[in-house]
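Q: Quick one: the structure is below, and I'll ask about it shortly.
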Amino acid sequence: MATVTALDSRKKKAPETQATPAETVERRTLRNLSPADGEPLASVPITTPDEVRAAVARARRAQSAWARMPIEERAERILRFRDAIVENADRLVDVLVRETGKPRNEALLHEVLVVADLASYFAHNAARILAPQNISLHFLVHRKSYVHYAPKGVIGVISPWNFPFAIPMGDVIPALLAGNAVIVKPSEVTPLIALEAKKVFDSTGLPEDLFQVITGDGATGQALIESGIQKLIFTGGVATGKRVAAACGAQLVPCIMELGGKAPLLALSDCDVERTARAIVYGGFCNSGQACISVERVYAHRSIHDELLRRVKELVGELKQGDASKSFVDIGSIIFPKQIETAEKLIADAVAKGAEVVAGGERVHRAGNYFQPTVLAECHHGMDVMREEIFGPIVPIQRIDSDEEAIALANDSHLGLNAYVFSKSRERALRVAEKIEAGSVVVNDVMLNYGACEAPFGGLKESGFGRVHGDDSLRDMCDKRHVNYGRVPMPARDPLWFPYSSTSYSIFSKGLEVLFHGAGVIQRIVKRMP
Ligand code: NDP
């Protein structure tokens, strides 16, 4: 539905912010700027609330036919969509790099490949996952139950700018497989990749209204919540998430909240220092640290701390930073200037409280938004950088004395999305991992669990609720409906129904006694009943 106007990038002066709502004669639009050089990229319309409601109505019509299709057929169509994604990988990567400033390798691996793989897994497994499930009844033994999964209807997806293809499409594909229609409201700073995904979808001959993209800002997202959708999957910051959850509550729209992260990396005394140092550098600086599962703080055991810090510093010195659309750099640009201001504020606070800048520490003065990969040492929890989400290329490091101290500090956070533990002993690492309050903990690796689409992904505490990925997430795209029926014919006059009498009451009363306080034999029989 959205039309894109390409701007003549050479003639226009770059405005201050990445996306500036601008009044035009016909409608309000968003103007997108390249984070790599500040030049205008395109202009997209802001979808009005009336248009959002119309989009949902069209989606609902398309969904009813789609839901009637056998699941195997839906899966086959989604595999065609996957194939089209793979065939168009270079074009998708181009748009991602232009719009987000991320390196090409990351656009390919973290976005396109992750989605193609997720589509394969869920398409090949949807029929199994959504098959009706029999439920044994231990008490009402004369009856049987099963649940079956019915599509919800229209599912809304509101997504952020940091993985603007992988995050929304990772929700869209399971939602479609489950028989729903989906409407995506991308971040206002990354609408182009969502529109490109829609183009690829349309090229496969899938019903046009089944998956729609509505470009716009926060108000467009709000309109989506109020437009009669049956579920919302929201990914974004904690503050916005609280507003969105309240809006969903007001409409009784069930929602999944995928919010911020502050992933700790625990470098235990027996860790492989070289691998841990490389993991810190990769986990802290890929996507310029703008990932909800980025390494946001490191707790390094005193015995390996100095060696680890030395290697981290050396490795950061080897990173190539620059415009990812022009060459193969390791670190690209930052999405918009506000993220740079946040980085500067956090570094100033940390330094004032005793942190030492071991690497980087400053914005790069060139066109576009760039910040040096920064490592801070001698950090502690009195500093904002150890407690607030950074979402930029800064890794603060704190020295610790024991596993217990590392666990306590890791859990001293209002967020609980992801964590990392490094140790040569699997047993020790798993023991520590299980004590960390986070939705996922990864041992001796970083940044890869979002790609493990068989496993649930989501947060504890203010990192949100609900899960994406994993077999249950596909079932959660459906209404779980319980059907109960008799195993044996029952008499017309059911002894449990009317009329009540003192005789039936005393029979029930004796039954209660026998069942729960009576002979052990009966209790054992009841327990064993299927
Ligand atoms: P925001 O919370 O600013 O925005 C997220 C989405 O919500 C955007 O599409 C935004 O639109 C939209 N939005 C804003 N206001 C409203 C509203 N009132 N009603 C409905 N929708 C609204 O997050 P960012 O885009 O800045 O993304 C960064 C955040 O996302 C970080 O905190 C990060 O940790 C988190 N995140 C969490 C992940 C997870 O899986 N847990 C994964 C990735 C990121 P617009 O942009 O147009 O304002």
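The values are calculated or read from the model by the stated rules, or taken from the named source; none is laboratory data. Everything numeric here is computed off the predicted structure, so don't read it as measured data. Note that each Cβ is placed from the backbone with ideal geometry, even for glycine, and that neighbours are counted across all protein chains shown. Heads up: the accessible areas ignore ligands, DNA and RNA and are worked out on the full protein's heavy atoms, side chains in. Shrake-Rupley method; radii C 1.70, N 1.55, O 1.52, S 1.80 Å.
Q: Sort 477, 490, 69 by accessible area with a 1.4 Å probe, largest first.
A: Values: 477 10, 490 85, 69 35 Å².
From most accessible down to least: 490, 69, 477.
Q: On the full set of protein chains, 1.4 Å probe, figure out the accessible area of residue 501 and give it in Å² to the nearest 10.
A: 60
Q: Cross-link candidates for residue 320: which lysines have Cα within less than 20 Å, leaving aside residues fewer than 8 places away along the same chain?
A: Filter leaves 102.
Q: Counting only DSSP beta bridges with both residues in region 263-458, what percent are antiparallel, rounded to the nearest 5?
A: Details: 4 of 24 bridges.
In region 263-458, approximately 15 percent of DSSP beta bridges are antiparallel ones.
Q: How would 472, 37, 117 rank on accessible area, largest to smallest, probe 1.4 Å?
A: Numbers: 472 95, 37 45, 117 70 Å².
Order by accessible area, largest first: 472, 117, 37.
Q: In the chain, which Cys residues have no partner Cys with a Cβ closer than 4.7 Å?
A: 271, 286, 292, 379, 453, 478
Q: Quickly rank 294-300, 310-316 as a protection proxy: mean count of other C-beta atoms within 10 Å, highest first. Walk me through the intermediate numbers first.
A: Details: 294-300: 28.4, 310-316: 18.1.
In descending order of packing, they fall as 294-300, 310-316.
Q: Related question: Under the 0.36 nm per residue contour assumption, what length would be gained going from the current alpha-carbon distance of residue 455 and residue 76 to full extension? Provide the component values of the computation, followed by the final result.
A: Values: separation 379, 0.36 × 379 = 136.44 nm, distance 2.29 nm.
Extra length from residue 455 to residue 76 when fully extended: 134.2 nm.
Q: Rounded to the nearest 500, what is the 222 nm mean residue ellipticity of the chain from helices alone, with -39500 (n - 2.57) per DSSP H run of 4+ residues and division by all residues?
A: Numbers: 16 runs with 203 residues, N = 530.
-12000 deg cm²/dmol, from helical runs alone.
Q: Using Cα pairs under 8 angstrom and six or more residues apart, how large is the relative contact order of the chain, in percent?
A: 17
Q: Sticking with this one: Given the protein chains as shown and a 1.4 Å probe, how many square angstrom of residue 138 are accessible, to the nearest 10?
A: Its accessible surface works out to 110 Å², give or take rounding.
Q: Over region 263-458, what relative contact order in percent results from Cα pairs under 8 Å that are six or more residues apart? Kindly include the intermediate steps, with their values, before the conclusion.
A: Values: 381 pairs, mean separation 52.4, N = 196.
Rounded, it is 27 percent for region 263-458.
Q: How far is the Cα center of region 268-310 from the Cα center of region 444-468, in Å?
A: Computed from Cα coordinates, the inter-centre distance equals 19 Å.
Q: How charged is the neighbourhood of residue 249? Take every other residue with its Cβ under 15 Å from the Cβ of residue 249, and add Lys/Arg as +1 and Asp/Glu as -1. Display every interim value, and only then the final one.
A: Values: positive: 231, 242, 243; negative: 226.
Residues close to residue 249 contribute a combined charge of +2.
Q: Continuing with the same structure: What's the ranking of 453-459, 241-247, 170-176 by average number of surrounding C-beta atoms within 10 Å, highest first? Walk me through the intermediate numbers first.
A: Details: 453-459: 19.4, 241-247: 17.7, 170-176: 28.9.
My ranking of the peptides, most packed first, is 170-176, 453-459, 241-247.
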